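Laboratory data are not the source of any read-out in this text; all were calculated from the coordinates shown. Just so it is clear, the model here is predicted, and its values are computed rather than measured. Positions of Cβ are generated from backbone atoms using ideal geometry, with glycine treated the same way; all protein chains shown enter the neighbour counts.
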């Protein structure tokens with residue numbers, strides 16, 4: 001079922017952008033233009049946060065990322081989140097920029113795997129938190145608790161071991177296996 005523009009306010013950014021992008025790939029020029037316009041704003045916020053010490057380069061990087069998204073649009077795997085794909089492209093563009101600027105370049109959180117390209121949208125954080133909680137509920141306790149304690153609550157492995165009654169190595173294994181299981185769930189393999 002396709003959604004109408006009146007439904008847009010109820011969509012997550014991921015859903016709305018993905019729908020517009022897919023329609024654009026199918027030949028709908030207006031939807032593709034809307035996708036690029038909306039993505040542009042999100043990219044600006046994302047890059048501003050990571051390149052605070054380099055404000056003059058942000059607009060160039062937005063344009064370079066948009067060009068890369070456009071030129072590589074046929075490589076997008078529709079089974080994966082669009083935001084993750086765009087995020088990867090933006091990170092590569094940041095790395096390219098940092099290489100050209102050398103050691104003077106000041107970027108923050110470029111390699112933060114947990115960062116979210118669309119984190120600047122307030123209600124997205126609540127929706128993402130809900131989705132993560134649903135996925136975590138599907139994990140066995142020996143995987144769920146170590147992830148919650150170490151990744152969400154910020155406890156050390158030793159602290160998580162004390163809180164769960166597990167050994168430190170069991171906590172590490174639980175986190176590793178749990179994250180692997182979560183990735184499989186997200187890819188739709190479980």
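Would you mind calculating the gained length between residue 71 and residue 92 on full extension (0.36 nm times residue separation, minus the Cα-Cα distance), in nm to one decimal?
6.1 nm is the gain from fully extending residue 71 to residue 92.
Quick one: Cα centre-to-centre distance for region 11-45 and region 61-77, in angstrom? Using only Cα atoms, the two centres lie 12 Å from each other. Counted over region 138-186 with a bin width of 5 Å, the fraction of Cα pairs per bin, in whole percents, is 5, 28, 35, 21, 8, 3.
In plain terms, the residue of 171, 22 with the fewest other Cβ atoms within 10 Å comes first and the most crowded comes last, giving 22, 171. Report note on the peptides 136-147, 152-163: ranked by the mean count of other C-beta atoms within 10 Å, highest first, their order is 136-147, 152-163.
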